[in-house]
Structure formats: C-alpha cells, structure tokens
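Worksheet: one structure, shown below.
The values are calculated or read from the model by the stated rules, or taken from the named source; none is laboratory data. These numbers were taken from a predicted model, which means no experiment stands behind them. A quick note on method: Cβ atoms are made from the backbone with ideal geometry, for glycine too, and the neighbour counts reach across all protein chains shown. These accessible areas exclude ligands, DNA and RNA; they are computed on the full protein's heavy atoms, side chains included. Shrake-Rupley method; radii C 1.70, N 1.55, O 1.52, S 1.80 Å.
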Amino acid sequence: MQLELIAGNLKEAMKKADAVSSNIWQVPVKNIHLLDGFNVRSHDAEHIAMLAASIFENGFYKTRPLAGYVAVVNGKQTIYLTDGHCRLEAAREAIKRGAEIEALPVVVSPKGTSMEDLTVGLVTNNIGKPLTQYETGLVCKRLVGFGWDEKKIGQKLGMTTQRVGDLLSLIAAPKSVRDLVESGTVSASQAIETVKKHGDKAPERLEAGAAKARASGKKKATKKHIEDKPTCRAVCKAIVAWDDAGGRDKDLKGLLAMARESLT
C-alpha cells in the first residue's frame, strides 16, 4: 500500500473530535506488582525472548499499555498487573540487557471492577498471544469458583455452553491427560474427544497414542495414533525406538498400553 501521512496536531484533533482524555499512567517498572496465581498462562520462554528482543530494539509501544488494578494492601496503595504479563516480563528482561526503560504505560481498571471482571478479562481483553484452550479452561474453572454456571461463563467469554463444558472436562481430566496437553503432545480438542469417547480408559489410550507418535518420529499424537489399533510390528518398532533413545521411564507406560491394546 502506497500511502503518505502528514502528522497532525494531537490536542487540536482531539478537541475537534470532542474526545475525552483518559488516564494512561507511566508507572515505574519496579512499582508494578504481580498478583500471585492470577495469571493462567504457562510460561513460554521463547515468546518472552522474542518480545524482549523487540522491546530492546524498538522500545515499549505506548499504544499497547498494560492493564492494572489498584488495591490497598496492608494500608498501602498497590498497583497490580491484570493484563500484559508477558510484556512486563519481556520489558524487565530488556532492561537487564541495557534497555533504558524506567516506566511503562498502564491503564487502571475503573471503580467498581470486581475480581470476576478481571478474570473474564484474561480472555476477553487479551489482544496479544491468545490463551491456549487449556489456559482458557483454567479461567472457566476459576469462574465456576465464583458461583457462575456454564451458561453465564459462555455468555461472558463469548463461547457456547457446550464449549465451556468441554474445557471444564479437560481441566477435570487426570493429570496424565493434562500433562500431555500442556506439553503439546496431544491437542486439547483431541484430549477432550478421547475422554468423551473412552472415559477412564482415555489416559491409557492417549499415552499409547503418544508412544506411537514418538515411534514414528512425530512430536504430536493425532487421532490416527490414538484411535488406530497398534500392530505387533508397530509395538516392536516403538520398543526399539524407546531403547535407542535411552529407555526413558516416562514412555514405558505408553509402550505397555500399546502392547496390551495390540493383544486385544
């Protein structure tokens, strides 16, 4: 697109547009605090490193302010971060590398904002890297803790009641299933589908599928690996690959599940 813009006068433009000023505060980085347990994101070191490199090179974009909430803690007015956790961590990393950043732009929540509002905002106010399905499920679980039903959660988060139920079933699944999803070995959708179809046999089936995927050189187990009945040859190949890789104990359960399935 070929387009040239001539910079205008900010104050004059806003006056003519009848715009109203809203407070964006420049808060010293050291005075922006984290609320323990509030952020539902799994730590993504690669994503943080990419953001830190961008901030170091280009500075922190004021058009993308952080979001905060002012609370009184032990009689002290404290600014807590409610949105922009990755960007704050990246900014701190850029500062360690020598970036000259003293303060970051923060928009604070208006009076009357509740913890429920802040929790919903983890999904609806996110304009950066989207939450994973698992992380969104954690938000749904937290809202259930506030006494909300699945219909209300769906209305607030912009998703169907069925979808909310599926995500909650994922969060309620055995730890082995959740670990496979968090590690990226199995997609959230596949895990949900397998739990629905196979119930208490789902963990074993997903472990077996993960083992089959690794045996074929794949990082993620798909429906093909999980639903197809393994052949004895496939089991043997998986055992050889497991042994060649050093025989990691965490894969043994999946291999045993494959062997049992092939004999049924």
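A few comments on the model shown:
- Residues located in region 120-135, provided they are open to solvent by less than 40 Å² (accessible area, probe 1.4 Å), assigned to a helix (DSSP H, G or I) and in contact (Cβ under 8 Å) with a residue 40 or more places away in the chain: Gly121, Leu122, Tyr134, Glu135
- Within the set Glu116, Glu102, the sole residue that is among the acidic types (Asp, Glu) and more than 21 Å from Val29 (Cβ to Cβ) turns out to be Glu116.
- As for region 200-214, it holds no residue that is at pLDDT below 90, buried (at least 16 other Cβ atoms within 10 Å of the Cβ) and over 25 Å from Tyr134 (Cα atoms).
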